[in-house]
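Quick notes on the structure that follows.
The values are calculated or read from the model by the stated rules, or taken from the named source; none is laboratory data. Please read these numbers as outputs of a predicted model, since none were measured by experiment. Here the Cβ is made from the backbone with ideal geometry for all residues, glycine too, and neighbour counts use every protein chain on show.
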């Protein structure tokens with residue numbers, strides 16, 4: 001059997017097993033998942049919650065020596081790259097790519113709207129924060145020129161991804177959330193429209209902050225009291241309970257505090273897609289799980305606050321809302337204002353359709369699981 005290596009920047013959780021289609025791929029390939037966190041982010045690795053999903057072909061790579069030892073015993077035929085673009089990641093890819101026969105596959109499938117920086121903003125940063133300006137410039141040049149990696153084919157999940165990749169050979173597909181949508185869209189609906197759901201995106205504790213070297217945009221003390229107060233007010237005014245859909249990478253020490261932090265708001269761990277499908281409406285900041293609201297045509301309210309607005313995540317929330325002509329509520333400024341419930345239920349269907357095409361699924365691509373699309377492509381185009 002041909003061998004596939006997945007290059008992963010984070011812990012291999014249960015959801016990764018299904019998101020990367022292991023059950024589908026192992027019918028025709030020998031699949032290994034390589035967790036590079038011990039090498040790329042050792043501090044994060046030490047703080048891992050004990051939630052790893054057991055997969056006997058998952059390998060933790062702590063150093064270049066570990067990688068070389070693995071390659072000496074097992075040479076992959078195909079490598080699927082889920083790492084970011086940085087110096088260490090490029091070194092990893094270069095080591096593996098020394099075997100020119102390996103098919104290196106890029107992933108551009110979970111893209112989101114990003115704010116565009118205009119000339120005025122660039123000049124403002126240059127004048128007021130020159131160190132920040134030159135750091136961002138250095139990072140941009142490195143990622144786009146020095147650390148940019150040439151893939152063989154790329155899997156793309158929307159028109160936006162197609163426009164950004166420089167790879168000519170493309171596998172037309174969709175984002176990983178679309179696979180979940182395909183799996184549950186025809187299942188029986190329970191408690192339809194009997195609640196609103198808030199999609200948690202790990203605002204104070206997301207593991208990606210460590211991977212991307214970012215500071216949390218807000219502290220636990222500044223975030224949860226305001227959020228709980230607003231969600232409780234929202235539930236009372238619209239006469240619907242609000243369910244808190246917990247982010248899958250939330251650390252146990254945060255979950256243990258939820259009864260106190262959320263002040264009576266019920267929370268659930270897992271099944272975010274089904275919670276969205278069965279809901280009346282969705283509240284969120286800028287979670288990629290917004291995709292489920294679009295796919296199931298649910299009204300969305302985007303939540304911000306004064307501290308979030310002034311942080312690096314503020315423009316992202318604005319951009320998500322702008323992409324679908326959605327409404328933003330500032331939990332600080334609007335806490336005591338009455339809610340116009342009927343207005344909050346409005347959906348701009350043309351904007352939703354555009355979001356679907358741009359960020360979730362290439363128009364007219366096969367309506368089957370992503371890794372089936374990939375397997376069929378490999379079978380048709382390559383003799384490895």
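Summary table below
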item: Pairs where the first residue, in the stretch 221-232, is over 19 Å from residue 337 (Cβ atoms) and assigned by TED's automatic domain parsing to the domain that holds residue 331 and the second is at pLDDT below 95 and in a helix (DSSP H, G or I), C-beta under 7 Å, 6+ apart; result: 224/261
item: Single match in 230, 296, 290 (criterion: surrounded by 21 or more Cβ atoms within 10 Å (Cβ to Cβ) and more than 22 Å from residue 16 (Cβ to Cβ)); result: 230
item: Qualifying residue in the stretch 299-315 (condition: in contact with a strand residue (DSSP E or B) (Cβ under 8 Å, 6 or more places away or on another chain) and farther than 26 Å from residue 221 by Cβ); result: yes
item: Test: residue 335 is at pLDDT below 95 and not in a helix (DSSP H, G or I); result: yes
item: Check on residue 214, over 22 Å from residue 305 (Cα atoms), touching a helix residue (DSSP H, G or I) at 6+ places or on another chain (Cβ under 8 Å) and surrounded by fewer than 17 Cβ atoms within 10 Å (Cβ to Cβ); result: no
item: Residue in the stretch 339-346 that is modelled with pLDDT of 95 or more and not in a loop (DSSP other than H, G, I, E, B) present; result: no
item: Number of the exception - residue 308 against (1) in a helix (DSSP H, G or I); (2) under 18 Å from the mean Cα position of the chain (by Cα); (3) crowded, with 22+ Cβ neighbours inside 10 Å; result: (2)
item: Members of the stretch 148-175 that are under 15 Å from residue 355 (Cα atoms) and either free of Cβ contacts under 8 Å to residues at least 12 places away in the same chain or not in a loop (DSSP other than H, G, I, E, B) (or both); result: 156, 159, 160, 161, 162, 163, 174
item: Strands (runs of 3 or more DSSP E) wholly inside the stretch 1-113 containing at least 1 residues that are more than 19 Å from residue 373 (Cα to Cα) and either more than 22 Å from the chain's Cα centre (by Cα) or not assigned by TED's automatic domain parsing to the domain that holds residue 313 (or both); result: 2-8, 29-35, 58-60
item: Filter result for residue 384 (surrounded by fewer than 17 Cβ atoms within 10 Å (Cβ to Cβ), touching a strand residue (DSSP E or B) at 6+ places or on another chain (Cβ under 6 Å) and either in a loop (DSSP other than H, G, I, E, B) or at pLDDT 95 or above (or both)); result: yes
item: Per-region count, the stretch 328-373, residues surrounded by 12 or more Cβ atoms within 10 Å (Cβ to Cβ), more than 20 Å from the chain's Cα centre (by Cα) and assigned by TED's automatic domain parsing to the domain that holds residue 110; result: 5
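Okay, residues lined up against (1) farther than 18 Å from residue 242 by Cα; (2) without any contact (Cβ under 8 Å) to a residue 12 or more places away in the chain; (3) in contact with a helix residue (DSSP H, G or I) (Cβ under 8 Å, 6 or more places away or on another chain):
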| residue | (1), (2), (3) |
| --- | --- |
| 298 | no, no, yes |
| 303 | no, no, yes |
| 306 | yes, no, no |
| 320 | yes, no, yes |
| 325 | yes, no, yes |
| 340 | no, yes, no |
